[in-house]
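The numbers here are math on the coordinates, done by the rules we state, and not lab data. Bear in mind the structure is a predicted one, so any value in this text is a computation, not a measurement. Here Cβ is always computed from backbone atoms with ideal geometry, including for glycine, and neighbour counts include all displayed protein chains.
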Amino acid sequence: MIRVAVAGAAGRMGSTVCRAVEEQADMELAGRADPALGTAVAEVLGDADVLVDFTIPDSAVRNARDAVAAGVHVVIGTSGFDPAELDDLGGAEANVFVAPNFAIGAVLMMQFAAQAARHMAKAEIIELHHDRKLDKPSGTAARTAALIAQASPEGHEVPIHSVRLPGLVAHQEVILGDVGQTLTIRHDSTDRESFMPGVLLAVRRVATLPRSPTVGLEHLL
């Protein structure tokens with residue numbers, strides 16, 4: 001049985017994670033941490049094997065450090081910070097996993113875009129999220145841009161256009177262009193349930209990661 005604590009448990013993503021964990025036969029919800037609940041992360045670490053973090057950037061980094069110090073593995077879905085801030089946690093007894101996006105389709109979109117970038121001249125990204133999302137651009141867009149730049153023969157910088165509107169959840173288009181043609185790759189998450197298979201996969205795999213921190217769900221697929 002994997003004992004899972006959730007940081008940001010009162011938020012939309014955190015509450016969805018809590019429900020998903022409770023539905024798993026091999027998991028137990030060990031604690032809910034959130035200022036709105038009056039519960040600090042330190043209060044739930046003692047009963048947990050894994051901490052899932054959907055908070056804010058400053059809190060996510062601090063929570064990860066506290067969890068690793070307590071011997072608790074960490075799965076981070078919070079974006080808006082540089083995962084390199086956690087590089088010094090490599091070699092610790094507890095592992096850290098960070099994913100810019102936990103939706104399987106979004107991971108495929110990023111991989112397909114990187115593959116296409118090897119053959120197309122330029123690319124731009126349009127990312128669209130709900131109006132309460134704090135970071136801009138999104139972690140998914142930043143990760144996609146980095147993968148495209150690495151794959152492109154010219155290593156072009158990839159412009160990112162951000163949209164924040166009510167009614168949206170999480171959406172991204174990668175538009176690639178070359179002489180006389182364009183290619184558009186798009187992914188849409190219309191419900192936060194789309195992220196749960198990836199979160200649960202990370203919870204199950206974080207303890208056996210070959211290296212830590214690990215960034216990107218593609219490493220678990």
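What does a probe at Met1 reach in region 53-87, counting residues whose amide N is under 14 Å from the point 7 Å along Cα→Cβ? Nothing falls inside the zone, counting backbone N under 14 Å. Spin-label model, Ala42/Asp26: points 7 Å from Cα along the beta carbon direction are separated by 3.4 nm. If you take all other residues with their beta carbon under 14 Å from the beta carbon of His130, and give Lys and Arg +1 and Asp and Glu -1, the sum is +1. Based on the Kirkwood approach, the hydrodynamic radius assigned to the chain is 17.8 Å, with every pair of different Cα atoms included. Working from the Cα coordinates of region 10-131, the gyration tensor eigenvalues give, after taking √(5λ), semi-axes of 29, 18, 14 Å in decreasing order.
Legend: calculated FRET efficiency, Val169 to Ala146, from the Cβ-Cβ distance at R0 = 22 Å, rounded to 0.05, equals 0.45. Here is how the number arises for the chain: DSSP H runs of 4 or more residues each give -39500 (n - 2.57), the sum is divided by the residue count, and the result at 222 nm is -9000 deg cm²/dmol. Electrostatic bookkeeping for Val174 treats Lys and Arg as +1 and Asp and Glu as -1; over the other residues with beta carbon under 9 Å from its beta carbon, the sum is -1. Close amide H pairs (under 5 Å, H built 1.01 Å from N) link His161 with Ile125, Ile126, Glu127, residues at least 5 positions away or on another chain.
Please give the FRET efficiency for His156 paired with Leu108, using the beta carbon to beta carbon distance and R0 = 30 Å, rounded to the nearest 0.05.
Numbers: r = 22 Å, r/R0 = 0.74.
Approximately 0.85, to the nearest 0.05.
For the pair region 148-165 / region 12-75, the C-alpha centres are spaced 32 Å from each other.
Would you please classify the overall shape of region 104-190 from the alpha carbon gyration tensor, given that a ≥ b ≥ c denote the square roots of the eigenvalues, rounded means a/c under 1.5, and beyond that prolate means a/b larger than b/c while oblate covers the rest?
The shape class here is prolate.
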